[in-house]
1. Here are the criteria: (1) at pLDDT 90 or above; (2) in a loop (DSSP other than H, G, I, E, B). Tell me which single one residue 115 does not satisfy.
2. When you check residue 56 against the structure, is it touching a Pro at 6+ places or on another chain (Cβ under 7 Å) and assigned by TED's automatic domain parsing to the domain that holds residue 31, yes or no?
3. Residue by residue through the range 78-101, note down the ones that are at pLDDT 90 or above, farther than 13 Å from residue 152 by Cα and not polar (S, T, N, Q).
4. Hey, any hits in the range 88-95 for a residue that's outside any helix (DSSP H, G or I), of a type in the set (Ser, Thr, Tyr) and free of Cβ contacts under 8 Å to residues at least 24 places away in the same chain?
5. From the list 117, 133, 111, 144, which one is under 29 Å from residue 57 (Cβ atoms) and of a type in the set (D, E, K, R)?
6. Among the residues of the range 262-270, is there at least one that is surrounded by 13 or more Cβ atoms within 10 Å (Cβ to Cβ) and at pLDDT below 95?
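The values are calculated or read from the model by the stated rules, or taken from the named source; none is laboratory data. This structure is a prediction, so every number in the text was calculated from the model and none was measured. Every residue, glycine among them, receives a Cβ derived from its backbone with ideal geometry; neighbour counts consider all protein chains shown.
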Amino acid sequence: MTDDIIIRGKGITKKFGDFTAVDNIDVEVRRGEIFGFLGPNGAGKTTTIRIMTTLIPPTSGEIEIEGHTVKGLDDPVKEKVGIIQQHIALDNDVSVRENIRYHAILHRIPRKEAKERMDRLINMMGLEPYLDRMAINLSGGWKRRVAIVNALIHDPSILVMDEPTAGLDTQSRHMLWKLIRELNSHGTTVFVTTHYMDEAEELCDRIAIIDHGKIIAQGTPEELCRELGSFAVEYVTEGSDKQYRYFHERSEALQFRDSLPEGAQVTTRNTNLEDVFLELTGRENTQAVQEVEYRI
């Protein structure tokens, strides 16, 4: 990972009528990193991704990709970006092989070069036994692998993944984590949104947390946990719900634990990213807020 900035968003704002979905945010993604973008439902994650991948224009602000300011939706710099949407879009009526070929044709890749790329990506994703299967007959995890090949067939330097493991079982999630790390080790910069804090801690070099359209924290998972307090005490006293306190020193955490009333249920542990997320966005805000729907 280097400090070379491959995506830079400056003052990005997006409004839908009177509603501000993204509110004057700045974000930088470094070449070669896995960057996580976290936030509650309706916080502005997907809208930001759609702007950063040139699918929709911002109301104000600008995006730079590879040092080039994006001028419009047809800007050729968008070829630098591969996108995997939250909802997998495959043609269910044809085989895996034909799905991949179709994407190569869309990107006008010469036949010989397309075959070389297909062979390399198919091998990397372990798709050889599935090439002649109809896409509709694949499991969610294998459909995701095909979507990754489609997103990488034009050899982008950036892969954007919106909730890549949503709806997958535990085994498929871990399989996809391994693939993301492998892609990143080959030089692909990965920008990923996720609702799973363990996923962000497992994968991401740096993260940004967005809430109500504004970025409220940025840094490595370790930095954000240290800022809150490296040690957590969660406890329940008689007649109370579970409560949380955070401390920078273990001795402080233990002293607080020992000061609690006799009979309190207490756990002392290391702070994690879920603690950071919930403290910043509100533990009481546990109900999903449906994101604003709009038409482009």
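1. It is condition (2) that residue 115 fails.
2. No; evaluated as a whole, the condition is false for this residue.
3. 94, 96, 97, 98
4. For the range 88-95, residues outside any helix (DSSP H, G or I), of a type in the set (Ser, Thr, Tyr) and free of Cβ contacts under 8 Å to residues at least 24 places away in the same chain: absent.
5. 144
6. Yes, the range 262-270 contains at least one residue that is surrounded by 13 or more Cβ atoms within 10 Å (Cβ to Cβ) and at pLDDT below 95.
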